[in-house]
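**Q** Have a look at this one before I ask anything.
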Amino acid sequence: MARPGRQRDAFFDNAKYLTIMLVAIGHTWATVKTGNRTLQAAYDVVYTFHMPAFIIISGYFSRSFDLRPDRLKRLITGVLAPYVIFETAYSLFRIYAGRSDDHNISVLNPYYLTWFLCALFIWRLTAPVWRLVRHPLPIAIGLAMLGSTASVLGGELDLHRVLQFLPCFVLGMTLKPEHFRMVRRRSVRILSVPVFALAMAGAWWVVPRVNSSWVYRDAAAQDLGAPWWAGPVMVPVMFGGAVLLTACLFSWVPSRRTWFTALGTGTLYAYLLHGFVVKSVKYSGVFETPWLHRPLGVLLLTVLAACTATLLCTPPVRRVFRFAMEPRMDWAFKTDVGGPVPDRRQREREREPVGA
């Protein structure tokens with residue numbers, strides 16, 4: 001029997017599992033939402049907060065990260081190496097399975113969903129800075145606002161996303177256990193229902209009036225056909241919406257162990273692998289089937305996306321792909337890499353996955 005000190009907090013594993021469901025569902029909806037105003041509105045609502053929820057949790061478990069050699073080694077093997085592997089794999093998949101004319105493969109220009117690993121690597125390296133400064137969140141929001149006006153950033157390292165999602169990571173670093181307990185109160189759970197309803201109604205109204213690409217946070221305002229000053233306005237608006245909806249999501253996350261709690265430890269596997277499934281179906285032309293764009297078709301795709309993500313979180317899948325997700329890479333490091341022995345509380349935090 002495991003000792004109490006070695007137990008994980010079921011809430012975070014549950015939250016990660018439910019969040020990866022939304023990520024997989026969102027990527028599936030992206031293929032059939034054209035022309036469907038209601039689905040586009042639901043898609044925009046989900047995209048407002050699903051990655052911020054992931055990132056807030058990642059920031060929360062980065063609170064103790066420093067530049068100690070063993071932690072840097074784990075960051076390289078658990079984030080940087082998988083990024084290089086999957087960036088290359090997705091690029092090759094696009095070229096050969098997708099028959100793309102663009103044969104360029106560059107680890108400096110993240111493709112599809114690999115941007116998260118690139119961003120997480122950068123955010124984690126800056127974690128000691130955010131613990132050092134006096135007002136980390138306002139500074140992070142200021143950097144995000146500046147990034148939203150800089151069209152010169154281009155696609156290298158997906159710096160637009162790195163900067164515009166940065167406040168979510170920094171917010172996670174500043175949160176304490178009591179903050180998560182606060183949003184799980186019954187009153188918050190009840191209020192979350194009208195909040196989500198209002199968000200959906202607002203998104204439905206906004207669809208024909210505002211460029212939906214704002215939810216991606218991957219471009220400057222000028223690149224979206226808006227004046228430069230729209231970026232510094234939209235950044236805090238999107239951040240506020242993300243935090244509000246994430247709090248609503250967390251209010252419904254179970255605190256107890258459930259049938260999917262253990263699956264929450266494998267969400268980074270599901271995140272990186274489900275894209276191959278979505279792209280395979282897209283390249284095959286199945287998503288162009290007319291009836292899949294109707295309500296029952298969308299419902300079927302939603303269920304299949306959730307089931308696929310669930311399967312990809314399971315232990316057998318993790319064993320097969322551990323070589324790519326968690327490479328040991330002992331050949332690349334000195335044998336004397338180490339550091340101060342962490343105390344019990346630090347060890348418990350470090351048992352959380354490096355990724356989402």
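**Q** Looking at (1) of a type in the set (A, V, I, L, M, F, W, C); (2) surrounded by fewer than 18 Cβ atoms within 10 Å (Cβ to Cβ); (3) at pLDDT 95 or above, which one does residue 210 not meet, given that it meets all the others?
**A** (3)
**Q** In region 294-356, which helices (runs of 4 or more DSSP H) lie fully inside it and hold 3 or more residues that are at pLDDT below 55? Steps first, answer last, please.
**A** Details: elements: 295-312, 315-325, 344-350.
Where helices (runs of 4 or more DSSP H) fall fully within region 294-356 and carry at least 3 residues being at pLDDT below 55, they are 344-350.
**Q** Still on this model: Only helices (runs of 4 or more DSSP H) wholly contained in region 154-218 count here; list those with 3 or more residues that are out of contact with any Asp or Glu (no Cβ under 8 Å at 6 or more places or on another chain) and closer than 14 Å to residue 243 by Cβ. Spell out how you get there, then give the answer.
**A** Values: elements: 159-164, 166-174, 177-183, 186-206.
Per the criteria, 166-174, 177-183, 186-206.
**Q** Of the numbered conditions (1) touching a Phe, Trp or Tyr at 6+ places or on another chain (Cβ under 6 Å); (2) closer than 27 Å to residue 282 by Cα, residue 36 fails exactly one; give the number of that condition.
**A** Residue 36 satisfies all of (1) touching a Phe, Trp or Tyr at 6+ places or on another chain (Cβ under 6 Å); (2) closer than 27 Å to residue 282 by Cα except (1).
**Q** Being assigned to a helix (DSSP H, G or I) and of a type in the set (A, V, I, L, M, F, W, C) is the filter; apply it to region 100-118 and report the residue that is nearest to residue 276 (Cα to Cα).
**A** Here is the first cut: in region 100-118, the residues assigned to a helix (DSSP H, G or I) are 112-118.
The next check asks that each one be of a type in the set (A, V, I, L, M, F, W, C); those that pass are 113, 115-118.
On the way: 113: 10, 115: 15, 116: 16, 117: 16, 118: 18 Å.
Looking at residues that are assigned to a helix (DSSP H, G or I) and of a type in the set (A, V, I, L, M, F, W, C), I get 113.
**Q** A further question follows. Which residues, counting only those in region 119-135, are farther than 17 Å from residue 52 by Cβ, without any contact (Cβ under 8 Å) to a residue 60 or more places away in the chain and in a helix (DSSP H, G or I)?
**A** Answer for region 119-135, where residues must be farther than 17 Å from residue 52 by Cβ, without any contact (Cβ under 8 Å) to a residue 60 or more places away in the chain and in a helix (DSSP H, G or I): 121, 125, 126, 129, 132.
**Q** Among the numbered criteria (1) over 19 Å from the mean Cα position of the chain (by Cα); (2) farther than 22 Å from residue 20 by Cα, which single criterion is violated by residue 89?
**A** (2)
**Q** If you don't mind, there's one more thing I want to ask. Filter region 46-96 for residues that are acidic (Asp, Glu) and assigned to a helix (DSSP H, G or I); which is nearest to residue 202 (Cα to Cα)?
**A** Here is the first cut: in region 46-96, the ones acidic (Asp, Glu) are 66, 70, 87.
Those still in the list that are assigned to a helix (DSSP H, G or I) too: 70, 87.
Working: 70: 47, 87: 36 Å.
Within region 46-96, the match that is nearest to residue 202 (Cα to Cα) is 87.
**Q** Being surrounded by 15 or more Cβ atoms within 10 Å (Cβ to Cβ), in contact (Cβ under 8 Å) with a residue 24 or more places away in the chain and out of contact with any helix residue (DSSP H, G or I) (no Cβ under 6 Å at 6 or more places or on another chain), is that true of even one residue in region 175-182?
**A** yes
**Q** Determine, yes or no, whether residue 155 is farther than 23 Å from residue 41 by Cβ, surrounded by 14 or more Cβ atoms within 10 Å (Cβ to Cβ) and modelled with pLDDT of 95 or more.
**A** Values: farther than 23 Å from residue 41 by Cβ: yes; surrounded by 14 or more Cβ atoms within 10 Å (Cβ to Cβ): yes; modelled with pLDDT of 95 or more: no.
Spelling it out, it is not the case that residue 155 is farther than 23 Å from residue 41 by Cβ, surrounded by 14 or more Cβ atoms within 10 Å (Cβ to Cβ) and modelled with pLDDT of 95 or more.
**Q** Looking for something outside any loop (DSSP other than H, G, I, E, B) and either β-branched (Val, Ile, Thr) or more than 23 Å from residue 58 (Cα to Cα) (or both) - is there at least one such residue anywhere in region 249-260? I'd like the intermediate steps shown before the answer.
**A** Just the residues of region 249-260 that are outside any loop (DSSP other than H, G, I, E, B), to begin with: 249-251.
The next check asks that each one be either β-branched (Val, Ile, Thr) or more than 23 Å from residue 58 (Cα to Cα) (or both); those that pass are none.
For region 249-260, residues outside any loop (DSSP other than H, G, I, E, B) and either β-branched (Val, Ile, Thr) or more than 23 Å from residue 58 (Cα to Cα) (or both): absent.
**Q** Could you please find all residues in region 211-228 being in contact (Cβ under 8 Å) with a residue 12 or more places away in the chain and not aliphatic (A, V, I, L, M)? Don't jump to the end; show me each part of the working.
**A** Step one: filter region 211-228 for residues in contact (Cβ under 8 Å) with a residue 12 or more places away in the chain, giving 211-212, 214-226, 228.
Selection gives 211, 212, 214, 216, 217, 218, 222, 223, 225, 228.
**Q** Next question, about the same structure. Considering only residues that are among the hydrophobic types (A, V, I, L, M, F, W, C), under 11 Å from the mean Cα position of the chain (by Cα) and over 16 Å from residue 117 (Cα atoms), which ones fall in region 25-70?
**A** 49
**Q** Starting from region 146-174, take each residue that is within 23 Å of residue 227 (Cβ to Cβ) and list its partners that are among the acidic types (Asp, Glu) and assigned to a loop (DSSP other than H, G, I, E, B), counting only C-beta distances under 6 angstrom and pairs at least six apart or across chains.
**A** Pairs found: 160/218; 161/218.
The values are calculated or read from the model by the stated rules, or taken from the named source; none is laboratory data. Quick caveat: nothing in here was measured; it's all calculated off a predicted structure. Neighbour counts run over all protein chains shown; Cβ positions are idealised from the backbone, glycine included.
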